[in-house]
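Worksheet: the structure to be examined is printed underneath.
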Amino acid sequence: MSRQNSVYESPIGKKNIDGDDRSYDVDAEFGGTEARKVLERKLLRKLDLRMSIMVLIYILNYIDRNNAAAARLRGFEEDLHLRGNQFATLLSILYVGYILMQVPSNMFLNYIGRPSIYLPICMLIWGAISVLTGITHNFVGALLTRFFLGFVEAAFFPGALFLLSKWYKRSEL
């Protein structure tokens, strides 16, 4: 084989041994530039459809974080026999769990590298704890459920961003 016909891959494309660039069309395997753009738009629509569930989960997450104020109007304090600043403590404890779990959750998510598994599991636990909030009968039960709600809610926002960054290009976000 002659030296001029030898081709190797470089980080910026195909080159021959002498360093001359060979013309290489990266879109050729997709049928050309226009065909690739059409395929990318179709893929983006599919991704948008599947990722739309993230919007719904985010809305539910926001409602859940702020539902104690609405529950107060419907007799939450009387039902749990809260006194003094116990209601304010119930509001605050969610953020304590949220802050405590934010960094460990991100570290664990980075370790497993699969937000498609991690997020649904966290959302199932979140749903179970939310149900348990409805069956509490005293301050301690409500305090514990709100604290652990903060734990599992800490996984959602960074996990959602991580999931989106795995599927979308920077210009598409």
Practice item. Considering only segment 70-94, state which residues are over 31 Å from the mean Cα position of the chain (by Cα) and open to solvent by 60 Å² or more (accessible area, probe 1.4 Å). Key: LEU73, ARG74, GLU78, ASP79, HIS81, ARG83, GLY84, ASN85
Exercise for review: Considering only segment 111-140, state which residues are free of Cβ contacts under 8 Å to residues at least 12 places away in the same chain and within 30 Å of GLN86 (Cα to Cα).
Suggested key: LEU124, GLY127, ALA128, VAL131, GLY134, ILE135, VAL140
Check your understanding: Could you count how many residues in segment 31-64 are small (Gly, Ala, Ser) and either in contact (Cβ under 8 Å) with a residue 24 or more places away in the chain or not in a helix (DSSP H, G or I) (or both)?
Key -> 2
**Study point:** Odd one out for ASN106 among (1) within 14 Å of ALA142 (Cα to Cα); (2) in contact (Cβ under 8 Å) with a residue 12 or more places away in the chain; (3) not small (Gly, Ala, Ser)
**Key:** (1)
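Applying the selection to segment 130-170, what residues are among the charged types (D, E, K, R) and open to solvent by 90 Å² or more (accessible area, probe 1.4 Å)?
The answer is LYS166, LYS169, ARG170.
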**Study point:** Which numbered condition LEU173 misses (of (1) in contact with a Leu (Cβ under 9 Å, 6 or more places away or on another chain); (2) among the hydrophobic types (A, V, I, L, M, F, W, C); (3) modelled with pLDDT of 90 or more)
**Key:** (3)
Check your understanding: Residues in segment 40-63: is at least one modelled with pLDDT of 90 or more, surrounded by 10 or more Cβ atoms within 10 Å (Cβ to Cβ) and of a type in the set (Ser, Thr, Tyr)?
Key -> no
Review point. Does ASN67 fit the bill of being free of Cβ contacts under 8 Å to residues at least 12 places away in the same chain and either in a helix (DSSP H, G or I) or surrounded by 15 or more Cβ atoms within 10 Å (Cβ to Cβ) (or both)?
Key: yes
Practice item. Take TYR98 and decide whether it is within 26 Å of the chain's Cα centre (by Cα), open to solvent by 80 Å² or more (accessible area, probe 1.4 Å), touching a residue at least 12 places away in the same chain (Cβ under 8 Å) and within 25 Å of LYS166 (Cα to Cα). Key: no
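The values are calculated or read from the model by the stated rules, or taken from the named source; none is laboratory data. None of these values were measured; they are calculated from a predicted model. Counting neighbours? That spans all protein chains shown, and the Cβs are built from the backbone with ideal geometry, glycine included. Note: accessible area is taken over every heavy atom of the protein model, side chains too, but ligands, DNA and RNA are not part of it. Shrake-Rupley method; radii C 1.70, N 1.55, O 1.52, S 1.80 Å.
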